[in-house]
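Below: the structure, in C-alpha cells.
No lab work stands behind these numbers, since they all come straight from the coordinates. Here the structure is a predicted model, which is why all the values come from computation and not from measurement. Glycine also receives a Cβ, built like all others from the backbone with ideal geometry; neighbour counts cover every protein chain displayed.
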Amino acid sequence: MELNPNYPTPVEHLPRLSRVQPGHTGHEPCDLWVKREDLTHPAYGGNKVRKLERILADARARGLGRRIVTVGAAGSHQVLATALFGREAGFEVEAVLLPQPRSDHAVENLRASLALGVRAFPVGSYAAAPFAIVRRLWAGEPALYLPVGGSNRLGTLGYVDAAREVAKQVRDGVLPEPDLAVVTLGSGGTAAGLAVGFAQEGMKTRVVGVAVAAPVWGVELAARWLTFRCGRRLVPLEIERRYLGRGYGHRTAEGEHATMLAAASGLTLDPTYTAKAFAAALDRVAEGRYRHVLYVHTLSSAPLSALLEGAPSEQDLPPELARLFQ
Ligand SMILES: *Cc1c(COP(=O)(O)O)cnc(C)c1O
C-alpha cells in the first residue's frame, strides 16, 4: 500500500490578514503565511497523514499483525484517518471512543469512521479509557497500538519531515524564514515534530503550540517529552494557553471570529483545533513584534461526502455512540 500523499504541501501568503501596524510607525508590517497541511492527501488531508505514513510504513516493514487499536474523542480526526489509511494498508481498526461536545463536524467524522469499518468501543470517561484499551489489546491476535492523536515517536517524526519541507521552501524562495510557526497543540506530536525539525535545520523559527486540551500541563509534558524522544535535546517550544476556553471541543468567541476571517481568505476552520490556533496566529500578527508568522493549517479540506457514502445517519447511530456527544 502506498499512501500517495501530496508533498510538498503549498505555502501561501494571506495578504488580507497581514498588516501594517497602525500607530506603530517604528514597526515593519507583519506578514501572515499558511502552510496548507489540509492538502496532504486528496482523499483525506490534515496532519494525521504524515504521522500515519511513518507509522504504517514501519508496521508493514516489521510485519506487525493486521489489527490496530487506537483511542480518541468520538469525532476524532485521527480515528477517521486511521480507519481510511489503516484499512488500505490491510489493518482492521478498533477505536476506544471518548465523550466530546457535539458539533456537526464531529458527528460526521464518527459516521465516516463507522462507514470505513471502524469497530467502536465507547467509554463514559477518560478514566475508563486505559482499561478499555488494554482489554482490546488483549483480545484476539496481536495488535499495533496507536496513542491518542497518533503522537508516538514515529508520528512525531512525520512533522520533523514537515519542518524540513518548510526549510526547503524557504531556501527555494517560496516564503521568507518565519519568526514564528503557530500550530494547534492537541496530543503534541505536530508541534513537537516541527520544533525539532526547525532546530535541526538551523532555522530561527520558533514554534508556538496553542493548547486545545486540558490539563494544559499534561499536554505540555507530552509535547516536551516528544521533542526529547525525537530530537535527543531540548528545543524551544512555546506553549500558548490562553485560547483553550472551557476546554477540549468547546467553542470560543475568539475562535468563532477567527473562523469568519479565515473563511474570507478561503480557509475552513473547525471549532476544536484550528479556530483556536488561527485566533492565536492573528493576535501574534497584530502584536507587531514579528515580521513573518506561519500558521500551520492541520485540518483536512477534502470533502467528506465520499467517505460518508453508506454511513449511518445521526439518528441511526447506536445509542451508546450517540451518547458520546454531550
Ligand atoms: C489531531 C489534530 C490536531 C492536533 O495535533 P497533535 O499532533 O495531536 O497536537 C490539530 N488539528 C487538527 C485538525 C487535528 O485533527
- Query: Each residue of region 56-73 in order: what ³J(HN,Hα) in whole Hz does its phi give by Karplus 6.51 cos²θ - 1.76 cosθ + 1.60, θ = phi - 60°, with x for Gly and Pro?
  - Reply: 6, 5, 5, 4, 5, 4, 8, x, 7, x, 10, 10, 10, 10, 9, 8, x, 5
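What is the Cα radius of gyration of the chain over 2.2 N^0.38 Å, N being its residue count? Walk me through the numbers on the way to the answer.
Working: Rg = 19.2 Å, N = 326, 2.2 N^0.38 = 19.8 Å.
For the chain, the normalised Cα radius of gyration is 0.97.
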- Task: Quick one: dipole size for region 37-148, taken about the Cα centre, charges +1 on Lys/Arg Cβ and -1 on Asp/Glu Cβ, in debye to the nearest 20.
- Result: 300 debye
- Between 0 and 90°, nearest 10: helix 189-200 axis offset from the chain longest Cα axis: 50 degrees
- Task: Could you list, in their original order, any pairs among Lys35/Lys168; Lys168/Lys204; Lys48/Lys168; Lys35/Lys276 whose Cα atoms are separated by more than 19 Å?
- Result: Lys48/Lys168
- Message: Quick query: amide H of Tyr295 versus all other amide H atoms, modeled in the peptide plane; which residues come in under 5 Å with a sequence gap of 5 or more or a different chain?
- Response: Trp33, Val34, Lys35, Val182
- Query: What whole number of Å gives the distance from the Cα centroid of region 288-326 to the Cα centroid of region 202-266?
  - Reply: 18 Å
- In whole percent, what relative contact order does region 179-326 give with Cα contacts below 8 Å and a gap of six or more residues? 26 percent
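Summing -39500 (n - 2.57) over the DSSP H runs of n ≥ 4 in the chain and dividing by its residue number, what mean residue ellipticity at 222 nm do you reach, to the nearest 500 deg cm²/dmol?
The helix contribution divided over the chain gives -11000 deg cm²/dmol.
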- Item | FRET E, pair Val134, Arg66, Förster distance 30 Å, beta-carbon r, rounded to 0.05 | 0.95
- Note on the structure: Kirkwood Rh for region 48-151 from C-alpha pairs, in Å, is 13.5 Å
- Test item: Cα-centred dipole of region 182-316, Lys/Arg +1 and Asp/Glu -1 on Cβ, debye: 820 debye
- Report the one residue of Val296, Phe325, Val69 whose Cα lies farthest in the direction of the positive end of the charge dipole of the chain (charges on C-beta: Lys and Arg +1, Asp and Glu -1; origin at the Cα centre). Val69
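Suppose every K and R has +1 on its Cβ and every D and E has -1 on its Cβ; what is the size of the dipole of region 262-312 about the Cα centre, in Debye to the nearest 20?
Details: 4 positive and 4 negative charges, 60 e Å.
Dipole of region 262-312, to the nearest 20 debye: 280 debye.
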- What is the Cα centroid distance between region 112-173 and region 26-70, reported in whole angstrom? 11 Å
